[in-house]
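Asks: One structure coming up, written as structure tokens, with questions to follow.
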There are 4 protein chains.
Amino acid sequence: MQKITLQISCNDQQGIIASVTGCIQSYQGNIMYINQHVDQIENRFNMEWNTYSPKDKQKMALFVSKYDHCLYDLLGRYHSGELNIKIPFIISNHNDLKHIANRFEIPFYYIPITKDNKTKAEELQLELLEKYNIDFIVLARYMQIISTQLISKFKNRIINIYHSFLPAFTGAKPYHSAFKRGVKIIGATSHYVTEYLDEGPIIEQDIVRVSHIHTISDLILKGRDLEKIVLSRAIKLHLEKKAMVHDNKTIIFS
Amino acid sequence: MQKITLQISCNDQQGIIASVTGCIQSYQGNIMYINQHVDQIENRFNMEWNTYSPKDKQKMALFVSKYDHCLYDLLGRYHSGELNIKIPFIISNHNDLKHIANRFEIPFYYIPITKDNKTKAEELQLELLEKYNIDFIVLARYMQIISTQLISKFKNRIINIYHSFLPAFTGAKPYHSAFKRGVKIIGATSHYVTEYLDEGPIIEQDIVRVSHIHTISDLILKGRDLEKIVLSRAIKLHLEKKAMVHDNKTIIFS
Amino acid sequence: MQKITLQISCNDQQGIIASVTGCIQSYQGNIMYINQHVDQIENRFNMEWNTYSPKDKQKMALFVSKYDHCLYDLLGRYHSGELNIKIPFIISNHNDLKHIANRFEIPFYYIPITKDNKTKAEELQLELLEKYNIDFIVLARYMQIISTQLISKFKNRIINIYHSFLPAFTGAKPYHSAFKRGVKIIGATSHYVTEYLDEGPIIEQDIVRVSHIHTISDLILKGRDLEKIVLSRAIKLHLEKKAMVHDNKTIIFS
Amino acid sequence: MQKITLQISCNDQQGIIASVTGCIQSYQGNIMYINQHVDQIENRFNMEWNTYSPKDKQKMALFVSKYDHCLYDLLGRYHSGELNIKIPFIISNHNDLKHIANRFEIPFYYIPITKDNKTKAEELQLELLEKYNIDFIVLARYMQIISTQLISKFKNRIINIYHSFLPAFTGAKPYHSAFKRGVKIIGATSHYVTEYLDEGPIIEQDIVRVSHIHTISDLILKGRDLEKIVLSRAIKLHLEKKAMVHDNKTIIFS
């Protein structure tokens, strides 16, 4: 038996499910799982189809900077076969994590970014993304703003991990802000990247309790674990076509 | 627009969804939410249908003993209109909570249970349940074992709250056992009552963290909050036909 | 054996614990639980002492508006003896919840608030608070801003419940904002009231998962449970002198 | 300034804290954090002292079998400097994970265990543990029962990760049992190893929600993340002397 995932988004109207499922039946298909969401605010949008079979190995590009925890975590999952993907390369604006890429035998492209070379650097990135036929991009604590051009080429296909419980603490140093505010819970958020910084559709969030005894370093350490778990969950949802974007929100079929 | 919930369980075969949704369409119905679960281990069972409209107010009987927290919580929700039900009466084997029933103006039937009068007591219970046309029963920390006869008359319609994270700590005093074992998390479990004590299909569970500083009394206090929240969630799932029993497990559509 | 809670806050220096515990020993006292927190950023502030014995029943004033869930919850806990307090009265700017106060036999003062009578209304409130020797105030979804005068009279003794995971969604309708943003988790926050709206020291927070299938009404319903649990936890921490305010944050000894 | 952790356990009596803190003061020490727990059931036991300075790098031995997720996670943390330890070697009864040890350049000892060679195998293990002066052992899904001899030599110094929410599902395949029982939450438990299988003092537990849509494979996958996070938290608590064993329970100072 071959398993296929069919993802459809279209304007709500009578008879959609009947005709789609009727069509599946006519091919002797059996539905193992069906889930539908009707957005109650009426929206006109064209029908979009996506089919996905687990045999297709998607190609994921990894962008990193200096933080290593998400990188170690993703490469561990990758090597153990937990993620049904290929990672053709890692791009970084720093050389700090090259040794990890080497350890896991993945090509590492050091593309530094300065005020002056930003356009040139992005061209290099785009070349690599096209050359390797990349399906989606993961920003594993990549500390650079992605250009509008790249975002539009990879619409709803760039996944970021943000180190706070969005929309709280969108500023520069979320853990410092959380410490200062004295919150009792910190969080992490994985979202698709849009042109509006930190405002893209949220795929997954999770939290952990903290208390007055925790210093900023403690929050950062606890956050490392949150970030890597939340990011990997978001990647899996994306991979398995269980995350669908509509109207700057995600519909999660799981 | 009238909202109707249609709950079907039957043997999996090609074309079920197509034909059911085709039928809905033929009546100009529009599907707002559809969810299907295919049990992967093949089971033969006959199709069962249930329709439910929010206009139908179900009648819920409350069984209590001496603990008051779930009772206060449910009656508060009831009076505030949060639960779309009628509570025609409360049954108890003790008189301790009568004052609460009075406060909320709900008939209270004191039916004591001893070794000798058990059969007679259950007859009284059954009479009341039939007289008031009760749809389902909630055991809000009712400290008596329900007879097989009553269970079979209200199959999958008796909801219990158990004060541990089942299947852990099924013995007499779960909080004492949890304390003794030194667990770092305690839980509560709401389940349908079957003839096998504490082994019915689980509807909802939740947990809370505890530590070495907490005494047994602290666990009991924390547990009170867990129990009332978990029980009320289970009742709502049952009420809205979002809990379906299959093979001693629940399928929760939410 | 008599149990006493001793709460001290002072400037950190060598020998504090040695001399305080030495003093306790000289009175043949035995320490059952000690907990200390040193704020790493040096702050000069005078030593403050508080002792507390469970025999002292604190007097709590309840302020409400139109939402009833926290009120039902607190009065249920109060009547069941879960809270070691007295509630001499309830104040509300609306008459909607008077019937609940009556049901629980607690005096209900209807003090409507308009633009013109605000000062007069607060005088009435203060009179009541003084007449009944109120120890602390709980705003159980009281939808009015408290005056600076009242706040300064009850410094760190007014507890509010806010219906979001602060500092996220501080605007008018947090659940609507959470729905619009498409968050996967919503929260509630209990904090001491200061002159800066929604920015007082956080006592307790908790969260619950939500998904795209939940409407705004669903979020509000789930939020009701969060709010009442979080508020009651904060009240207990305050009551048992386990919440100490320092530098707009709380130190929670539990 | 030099930071030192002082861990004391002894019989409760008047004046302990006064005299210990007096002694610290006499050496011009300043207490940054103090926490005490009095076990309410009186127990006679001798005073035990432990001091710990972050400068001491503890030596941790890793025991694994075939599951790689905890191993990848721990080695990632180790290489990134998150854990203040040395890992002199990895022991395994299978050769499957040798390639990971190689990748991270850690000596890997393959010590197969059969019914016949069990005593001999343990002698080899003990030799290695003694040769490298190992401080504590981590069983990262090591699928063998540890001998009483080894346990007594490393009392409260062998940390195991168990793949269920103990004491639930102690049998052979916890995820299968959890699936069969239809629980709504699964968990993982890290505990010190004692002679009683799965009954040692619990250091840390955590949980994740599951539903009817999850297969056994889904539970196992979700469990992998739980196991690695819970195990790493337990290791950190042990390392920082924040876990103290008393009467088959842990006291966690954090």
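Asks: Can you tell me how many residues within the range B:128-153 are within 15 Å of B:F89 (Cβ to Cβ) and surrounded by 15 or more Cβ atoms within 10 Å (Cβ to Cβ)?
Replies: 11
Asks: Another question, if that's okay. Could you check the range C:236-251 and list, in sequence order, the residues that are touching a residue at least 60 places away in the same chain (Cβ under 8 Å) and either in contact with a strand residue (DSSP E or B) (Cβ under 8 Å, 6 or more places away or on another chain) or more than 10 Å from chain A (Cβ to nearest Cβ) (or both)?
Replies: Result: C:K236, C:H238, C:L239, C:E240, C:K241, C:M244, C:V245, C:H246, C:I251.
Asks: Of the residues C:I151, C:I161, C:I146, C:I203, only one is more than 13 Å from chain A (Cβ to nearest Cβ) and part of a strand (DSSP E or B); which?
Replies: C:I161
Asks: A further question follows. For the range C:196-211: of the residues being open to solvent by 10 Å² or more (accessible area, probe 1.4 Å) and in contact with a Gly (Cβ under 7 Å, 6 or more places away or on another chain), which is farthest from C:S152 (Cα to Cα)?
Replies: It comes out as C:I207.
Asks: Additional query: Looking at B:V138, is it in contact with a strand residue (DSSP E or B) (Cβ under 7 Å, 6 or more places away or on another chain), closer than 30 Å to B:N84 by Cβ, touching a residue at least 60 places away in the same chain (Cβ under 8 Å) and in a helix (DSSP H, G or I)?
Replies: For B:V138, the condition - in contact with a strand residue (DSSP E or B) (Cβ under 7 Å, 6 or more places away or on another chain), closer than 30 Å to B:N84 by Cβ, touching a residue at least 60 places away in the same chain (Cβ under 8 Å) and in a helix (DSSP H, G or I) - is not met.
Asks: Same structure, new question: Name the residue that is farthest from the chain's Cα centre (by Cα), counting only residues in the range B:72-101 that are β-branched (V, I, T) and not in a strand (DSSP E or B).
Replies: B:I100
Asks: Continuing with this model, one more query. If A:Q28 satisfies all but one of (1) polar (S, T, N, Q); (2) modelled with pLDDT of 70 or more; (3) in a loop (DSSP other than H, G, I, E, B); (4) open to solvent by less than 70 Å² (accessible area, probe 1.4 Å), what's the number of the condition it fails?
Replies: Condition (4) is where A:Q28 drops out.
Asks: Another one. Please count how many residues of the range B:176-195 are more than 9 Å from chain D (Cβ to nearest Cβ), more than 15 Å from B:L139 (Cβ to Cβ) and surrounded by fewer than 16 Cβ atoms within 10 Å (Cβ to Cβ).
Replies: Residues flagged as more than 9 Å from chain D (Cβ to nearest Cβ), more than 15 Å from B:L139 (Cβ to Cβ) and surrounded by fewer than 16 Cβ atoms within 10 Å (Cβ to Cβ) within the range B:176-195 amount to 1.
Asks: Quick check on the range D:88-102: of everything there that is within 12 Å of chain A (Cβ to nearest Cβ) and over 20 Å from A:L97 (Cα atoms), which residue is surrounded by the fewest Cβ atoms within 10 Å (Cβ to Cβ)?
Replies: D:H99
Asks: Within the range B:87-105, work out how many residues are of a type in the set (D, E) and within 22 Å of B:I145 (Cα to Cα).
Replies: Number satisfying all stated conditions: 1.
Asks: Which of the numbered conditions does A:L124 fail, given that it passes all the others? Conditions: (1) assigned to a helix (DSSP H, G or I); (2) within 14 Å of chain D (Cβ to nearest Cβ); (3) touching a residue at least 12 places away in the same chain (Cβ under 8 Å).
Replies: Just one mismatch for A:L124, condition (2).
Asks: Follow-up question, since we're still on this one. Suppose we filter D:L237, D:L197, D:L150 for residues that are more than 30 Å from A:K236 (Cα to Cα), at pLDDT below 95 and within 16 Å of the chain's Cα centre (by Cα); which single one remains?
Replies: Within the list D:L237, D:L197, D:L150, the selection yields D:L197.
Asks: Can you name the residue in the range D:159-175 that is in contact (Cβ under 8 Å) with a residue 60 or more places away in the chain and open to solvent by less than 10 Å² (accessible area, probe 1.4 Å) and is also farthest from the chain's Cα centre (by Cα) among such residues?
Replies: Per the criteria, the residue is D:I161.
Asks: Turning to a different aspect of this structure: Scan the range D:103-127 residue by residue and report those that are basic (K, R) and either open to solvent by 60 Å² or more (accessible area, probe 1.4 Å) or in contact with a strand residue (DSSP E or B) (Cβ under 7 Å, 6 or more places away or on another chain) (or both).
Replies: D:K115, D:K118, D:K120
Asks: Also: What are the pairs, 6+ residues apart or on separate chains, where a residue within the range D:67-87 that is facing another protein chain (nearest Cβ under 7 Å) and open to solvent by less than 10 Å² (accessible area, probe 1.4 Å) has its Cβ under 6 Å from a residue that is in a helix (DSSP H, G or I) and of a type in the set (S, T, Y)?
Replies: Pairs that qualify, where the first residue is facing another protein chain (nearest Cβ under 7 Å) and open to solvent by less than 10 Å² (accessible area, probe 1.4 Å) and the partner is in a helix (DSSP H, G or I) and of a type in the set (S, T, Y), are D:G76/A:Y72.
Asks: Here's a follow-up. Within the range B:210-219, can one find any residue that is hydrophobic (A, V, I, L, M, F, W, C), part of a helix (DSSP H, G or I) and more than 9 Å from chain D (Cβ to nearest Cβ)?
Replies: Yes, there is a match, as at least one residue in the range B:210-219 is hydrophobic (A, V, I, L, M, F, W, C), part of a helix (DSSP H, G or I) and more than 9 Å from chain D (Cβ to nearest Cβ).
Asks: Under the condition of being touching a strand residue (DSSP E or B) at 6+ places or on another chain (Cβ under 6 Å) and of a type in the set (D, E, K, R), which residue from the range C:226-235 is nearest to the other protein chains (Cβ to nearest Cβ)?
Replies: Applying the filter and picking the extreme gives C:R233.
The values are calculated or read from the model by the stated rules, or taken from the named source; none is laboratory data. Keep in mind that this is a model prediction, so the values were computed, not measured. In this analysis, Cβ positions are derived from the backbone assuming ideal geometry, glycine residues included, and neighbour counts consider all displayed protein chains. The protein model used for the area step is the full one, side chains on, heavy atoms only, and it has no ligands, DNA or RNA in it. Shrake-Rupley method; radii C 1.70, N 1.55, O 1.52, S 1.80 Å.
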